[in-house]
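Enquirer: Can you keep this structure in mind? I'll have questions shortly.
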Amino acid sequence: MTVRLRPHHLLCILTFVGKGYTPAFTANMAVIVGRLAEGEEIEIIEGPDAICAPLLDEAAPHCHRESVVERDLAAAADVGGLLALTIKPGTRFVLDEARIRQLRHAFAKGRTRSACAGCDWRELCGAVAASGYAGSAFS
């Protein structure tokens, strides 16, 4: 199978430590990150993705906000430049160990965090990166 992700979630999965917006979101994120850790392919999409699914029943899900679309554009540029991939809808790839290492190193150094501006989880993700990603899903 293939996991459909929006670009900024390529960064979120790096620091996932079992916390999220709601219990349903957190449980879903754990499943998605587990699939990716097993080597399942990613397909980049535009808009709400497999990780957003538990939030889409809310009255005004943040997944549709312009700020989230801007996050996707920033993440696509940062991650694409780092991995030498064009990150756009339809791009498919696997996050192997080398790519995860490369993404984590760049994230910890602040080189791929332009998408994180204004994110509620910025401090948590920064702390996880500073800890060497202790307790995160790809540990």
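Enquirer: Using the Karplus curve 6.51 cos²θ - 1.76 cosθ + 1.60 with θ = phi - 60°, what ³J(HN,Hα) values do you get for each residue of the stretch 19-34, in whole Hz, with x for Gly and Pro?
Expert: 10, x, 5, 9, x, 5, 4, 4, 5, 5, 4, 4, 5, 4, 5, x
Enquirer: Quick one: putting +1 on the C-beta of Lys and Arg, -1 on the C-beta of Asp and Glu, what dipole do you get for the chain around its Cα centre, in Debye to the nearest 20? Mind showing how you got there, number by number?
Expert: On the way: 15 positive and 16 negative charges, 94 e Å.
Roughly 460 debye for the chain.
Enquirer: Please list the non-local residues whose amide H lies under 5 Å from the amide H of Ile42, H modeled 1.01 Å from N, same-chain partners needing a gap of 5 or more.
Expert: For Ile42, the qualifying residues are Val3, Phe93, Val94, Leu95.
Enquirer: Moving to a separate point now. Residue-wise, which Karplus ³J(HN,Hα) couplings in Hz belong to the stretch 43-51, taking 6.51 cos²θ - 1.76 cosθ + 1.60, θ = phi - 60°, and x for glycine or proline?
Expert: 10, 6, 10, 9, x, x, 10, 4, 6
Enquirer: May I ask you to derive the FRET efficiency for Ala98 and Arg65 from their Cβ-Cβ distance with R0 = 35 Å, giving the value to the nearest 0.05?
Expert: That pair, Ala98 with Arg65, gives E of 0.55.
Enquirer: Okay, moving on. Would you mind computing Rg(Cα) / (2.2 N^0.38 Å) for the chain, counting N as its residues?
Expert: Dividing the Cα Rg of the chain by 2.2 N^0.38 Å gives 0.95.
Every number in this text was worked out from the coordinates using simple rules, so none of it is lab data. What you see is a predicted model, and the numbers here were worked out from it, not measured in a lab. We place every Cβ from the backbone using ideal geometry, glycine too, and count neighbours over all the protein chains shown.
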